[in-house]
Amino acid sequence: MCGIVGYIGDQQACPVLMEGLSRLSYRGYDSAGVAVLDATGVLNIQKAKGRLENLEELLAGNMPAGTVGIGHTRWATHGEPSDLNAHPHTDVKGGIAVVHNGIIENHESLRRHLQGLGCVFVSQTDTEVVAHLLSTLYEGDMKAALLKAMSMLEGSYALGVVCDQEPTKLFCARHESPLVVGSKAGESFIASDIPALLSHTRDVIFLQDKEIAVLEATGVQVFDAFGHLRQHEFYHVEWDLSSAEKGGYAHYMLKEIHEQPTALHSTFAPRNNGDAHDYRWLPIVPDEAKKLKKISIVACGTAYHAGIFGKYVIEKLARLPVMVDVASEYRYRDPIIGEDELFIAISQSGETADTLAALREAKRRGAKVLAICNVVGSTIAREVGDEATLYTYAGPEIAVASTKAYMTQVEMMLLLALALGDMRGALTPAEAERLRGEIADLPAKAEQTLAIEEQLQRFASTVSQKKHVFFVGRGLDFALSMEAALKLKEVSYVFSEAYAAGELKHGPIALLQEGRLVVATITQPALLDKTLSNLREIKARGAYVLAVCREDLHDKVVGEADELMLIPAADDLLAPLLAVIPLQLFAYSMAVARGCDVDKPRNLAKSVTVE
């Protein structure tokens, strides 16, 4: 991990590589480097620990010349962040350079084998193993060497390779780690994500597992694991590069919070054709929906919290039991998959390694599968097929901490619950139509909610040095509190935890003391009295309470909290989608007030493509 770029064409490669790395820097990284082949076939490698600016300073006035090259931003998995461990890595002779995302699981046994052949290692990484392995397998044809190497490598990888013996070619391969190939007249590109290519081309190929691409200035050829030529249609990217830029906002995270009204509309629009009971967008027919006995939802991090929300609304509207699993645990508990069970994988990127592994396990055991995903052409989307992928259409999300992707995942869970409830007869047609109307009104109400930003900025400035924050709620508000706590710890590094408000007295209340900050979400009228009782318990211990509350509940909540943030009135099931906005803005404002790197939090990566 975490970012790969490559270029071959008639331009100088290094500026193209550096631009691409800059556009991938949102993914999180701890070092960066480039390798460029000059006109004589000599490899020039430059790399630096830390931010991309460090590499730019190293290259200032001494940029390697050449029209073929690869670049990388690393997120450490093997070996500490350092100049030596940064990519690209080379073989003993220094004629082969490799960049790599993923984890080579059998790197230790391969390292011992290669050391026995006389290879000398200079880094602690698993990636250097690949460079030495290719060198020992190379007999004048890098494509052939890569094919042999792929049969020996275990784990996940996206590889970019240049070789001084074939200076007019750029090679790449992938298995369980994303890689995109782009092309236009006279130039070819590779990258681990589309934004790195958009200023050059909109026509891309998504490499599939165990495929190799050979790039030349004149075009691209793709081969399968047996060396057979594969025919791929280029996918034309519709969204603009401006979608992946800040657009005048101080940070991507703030921009993406403000994009949520538009994102909500984009998710709903393809499922709204004027007929409230037309569910052709869902690959489940009424007879199948009526036979369903169970739904399993599997995801990681923020997507997992969307799944928790989904459990509440599906059980409420469709009267179906729902299990929600952390993807990294799913395979290892020997899951029971019964007949007439639906398995749903949720992933913003469609590349989350643990979620992908869980999905494959569910398919192997015979489950009917769906995916909720933002990225067209991603691995998870290809695994289940476009017809079984519910795209959220949130647009590119650049900040590491997810905001609009979460919002649209939650909206998709609502739409799915509504569809299943309608098809199963658990909802009356009139109630289904009413809820669809409420969902259609969400973008306008989300726009209203954004007006709370200045109030939250002021509040965050007064509490920014707090070391601990509790988030509490009941029902859907508890599901929301889990996501709010994650956002705060991700971007501000403040230790934060979420608790079901009724569970406080079963242990966590021991941690409450004078001045402790507690954030309560209050959107569920049916649970209001119980929640207010919990707030009184909290305040009796001297804690300071911020409440995010529906404006139609104001009169009952005022006086029970020290600070009140109001959101527009909305249906009980939809109000949490509005309440998430002030909670996201709170996390953002806390991070800014504390001087944190909001868009690139330490130790985090945007797309976790390794287990």
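The values are calculated or read from the model by the stated rules, or taken from the named source; none is laboratory data. Computed from a prediction, not measured in an experiment: that's the story for all the values here. Methodologically, a virtual Cβ is constructed for each residue, glycine included, from the backbone with ideal geometry; neighbour enumeration extends over all protein chains shown. For accessibility, only protein heavy atoms count, side chains too; no ligands or nucleic acids. Shrake-Rupley method; radii C 1.70, N 1.55, O 1.52, S 1.80 Å.
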**Study point:** Residues of the range 96-125 that turn out to be assigned to a helix (DSSP H, G or I) and farther than 15 Å from A149 by Cβ, as a count
**Key:** 4
Check your understanding: Any residue in the range 443-455 that is open to solvent by 20 Å² or more (accessible area, probe 1.4 Å) and within 22 Å of Y304 (Cα to Cα)?
Key -> no
Practice item. Taking the residues in the range 33-50 that are closer than 23 Å to C163 by Cβ and not hydrophobic (A, V, I, L, M, F, W, C) as candidates, determine which candidate is most open to solvent (accessible area, probe 1.4 Å). Key: T40
Check your understanding: For W75, all conditions in the list (1) out of contact with any Asp or Glu (no Cβ under 7 Å at 6 or more places or on another chain); (2) farther than 24 Å from F223 by Cβ hold save one; what is the number of the exception?
Key -> (1)
Review point. Say we look at the range 157-176 and pick out the residues that are surrounded by fewer than 24 Cβ atoms within 10 Å (Cβ to Cβ) and touching a strand residue (DSSP E or B) at 6+ places or on another chain (Cβ under 7 Å); which of these is modelled with the lowest pLDDT?
Key: E176
**Study point:** Positions within the range 401-442 being outside any helix (DSSP H, G or I), open to solvent by 40 Å² or more (accessible area, probe 1.4 Å) and touching a Lys or Arg at 6+ places or on another chain (Cβ under 7 Å), in sequence order
**Key:** A426
Check your understanding: Name the pairs whose Cβ atoms lie under 8 Å apart, with the first residue in the range 196-218 and over 20 Å from V376 (Cβ atoms), the second open to solvent by 10 Å² or more (accessible area, probe 1.4 Å) and of a type in the set (V, I, T), and 6 or more positions between them or separate chains?
Key -> V214/V220; E216/T168; A217/T67; A217/T168
Point to revise | Complete set of residues in the range 487-509 that are open to solvent by 30 Å² or more (accessible area, probe 1.4 Å), out of contact with any Phe, Trp or Tyr (no Cβ under 9 Å at 6 or more places or on another chain) and at pLDDT 90 or above | key: E490, Y493, F495
Practice item. Evaluate the range 245-254: report whether one residue or more is at pLDDT below 95, open to solvent by 70 Å² or more (accessible area, probe 1.4 Å), over 23 Å from A399 (Cα atoms) and part of a loop (DSSP other than H, G, I, E, B). Key: no
Practice item. Test F268 against the criterion of being assigned to a helix (DSSP H, G or I) and open to solvent by 10 Å² or more (accessible area, probe 1.4 Å), and give yes or no. Key: yes
Point to revise | Residues that are modelled with pLDDT of 90 or more and either open to solvent by 30 Å² or more (accessible area, probe 1.4 Å) or assigned to a strand (DSSP E or B) (or both), drawn from the range 1-32 | key: I4, V5, G6, Y7, I8, D10, Q11, Q12, P15, E19
Practice item. Report whether or not I336 is outside any strand (DSSP E or B), of a type outside the set (K, R) and free of Cβ contacts under 8 Å to residues at least 12 places away in the same chain. Key: yes
Exercise for review: Hey, can you tell me all the residues within the range 385-395 that are among the hydrophobic types (A, V, I, L, M, F, W, C) and outside any loop (DSSP other than H, G, I, E, B)?
Suggested key: A388, L390
Review point. So which residues in the range 53-95 are hydrophobic (A, V, I, L, M, F, W, C), outside any loop (DSSP other than H, G, I, E, B) and open to solvent by 10 Å² or more (accessible area, probe 1.4 Å), if there are any at all?
Key: L58
Check your understanding: Give me the pairs: first residue in the range 158-169 and free of Cβ contacts under 8 Å to residues at least 60 places away in the same chain, second residue open to solvent by less than 20 Å² (accessible area, probe 1.4 Å), beta-carbon distance under 8 Å, and six or more apart or on different chains, which are they?
Key -> E166/M142
Point to revise | Subset tally (residues that are of a type in the set (D, E, K, R), under 12 Å from S492 (Cβ atoms) and within 20 Å of the chain's Cα centre (by Cα)) for the range 578-600 | key: 1
Check your understanding: Applying the selection to the range 177-202, what residues are touching a strand residue (DSSP E or B) at 6+ places or on another chain (Cβ under 9 Å), more than 20 Å from G350 (Cβ to Cβ) and not hydrophobic (A, V, I, L, M, F, W, C)?
Key -> S183, K184, E187, S188, H200, T201
Review point. When the range 510-525 is examined, which residues are found to be surrounded by fewer than 19 Cβ atoms within 10 Å (Cβ to Cβ) and within 19 Å of L583 (Cβ to Cβ)?
Key: R516
**Study point:** Residue satisfying condition, being surrounded by 23 or more Cβ atoms within 10 Å (Cβ to Cβ), touching a Phe, Trp or Tyr at 6+ places or on another chain (Cβ under 6 Å) and not in a helix (DSSP H, G or I), within set I398, I372, I344
**Key:** I398
